[in-house]
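The values are calculated or read from the model by the stated rules, or taken from the named source; none is laboratory data. This structure is a prediction, so every number in the text was calculated from the model and none was measured. A quick note on method: Cβ atoms are made from the backbone with ideal geometry, for glycine too, and the neighbour counts reach across all protein chains shown.
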Amino acid sequence: MTDFLFILYPWIKSLHIMAVISWMAGLFYLPRLYVYHVENAGSVEGASAIFETMELKLLQVIMRPAMIVSWVCGLILVMTPGIVDWGYVWPWTKGASVIAMTWFHHWLALRRKDFLAGRNSLTGRQFRMMNEVPTILMVIIVVSVVVKF
């Protein structure tokens, strides 16, 4: 099994990186869609339905599959012997940040349900501020993995 993981390692790592890029793109774009939804949907008839469709497709077609592939490939990489030294801090900071990013993904999905139910209470400014969350988590993850402190 160890030999098999070593053979697959560069392929799994490549897939992991591609999935993370896709997931991050969605995490950056969805809060921006919410800003536009809050600030512009009321001014054009039918715009709210268009935003809701865009948000749904982004969540279900891009973000959810990318998150799942990121997690699966990441866990396979972690199980590959010799890749992670748990005596360092970086695997723990990366892991905590990935869990936080997953929580943020689900928080965004709940905000979509608020829009659908007509009970969104957040402003465009608040969604703009939330748009910084994935950036902060990305910085922590990249520095953790590259610097390996």
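Here are some notes:
- Filter result for A100 (surrounded by 11 or more Cβ atoms within 10 Å (Cβ to Cβ), without any contact (Cβ under 8 Å) to a residue 40 or more places away in the chain and under 20 Å from the mean Cα position of the chain (by Cα)): yes
- Segment 1-27, subset exposed (fewer than 15 other Cβ atoms within 10 Å of the Cβ) and at pLDDT 95 or above, residue farthest from D114 (Cα to Cα): W11
- Test result for L75, part of a helix (DSSP H, G or I), free of Cβ contacts under 8 Å to residues at least 40 places away in the same chain and buried (at least 16 other Cβ atoms within 10 Å of the Cβ): no
- Any hit, segment 126-138, residues being at pLDDT below 95, farther than 15 Å from Y29 by Cα and not in a helix (DSSP H, G or I): no
- Residue identified as polar (S, T, N, Q), under 17 Å from H16 (Cα atoms) and touching a helix residue (DSSP H, G or I) at 6+ places or on another chain (Cβ under 9 Å) among T123, T135, T93, T102: T102
- Members of segment 105-120 found to be under 18 Å from V20 (Cα atoms) and buried (at least 18 other Cβ atoms within 10 Å of the Cβ), listed by number: H105, L108
- Enumeration of residues in segment 33-50 that are assigned to a loop (DSSP other than H, G, I, E, B) and either within 15 Å of L116 (Cβ to Cβ) or not acidic (D, E) (or both): V44, G46
- Residue that is farthest from A117 (Cα to Cα) [pool: residues in segment 51-67 that are loosely packed, with under 15 Cβ neighbours inside 10 Å and of a type outside the set (S, T, Y)]: P65
- Hey, I68 over 18 Å from the mean Cα position of the chain (by Cα) and either closer than 25 Å to I136 by Cα or not polar (S, T, N, Q) (or both) or not: no
- Single condition S48 does not satisfy, out of (1) among the polar types (S, T, N, Q); (2) under 30 Å from N120 (Cβ atoms); (3) loosely packed, with under 15 Cβ neighbours inside 10 Å: (3)
- If the condition is being touching a helix residue (DSSP H, G or I) at 6+ places or on another chain (Cβ under 9 Å) and within 19 Å of S14 (Cα to Cα), then segment 73-90 contributes C73, G74, I76, L77, V78, M79, T80, P81, G82, I83, V84.
- The set of residues in segment 38-63 being touching a residue at least 40 places away in the same chain (Cβ under 8 Å) and under 20 Å from the mean Cα position of the chain (by Cα) consists of F51, E52, E55, L56, L59, I62, M63.
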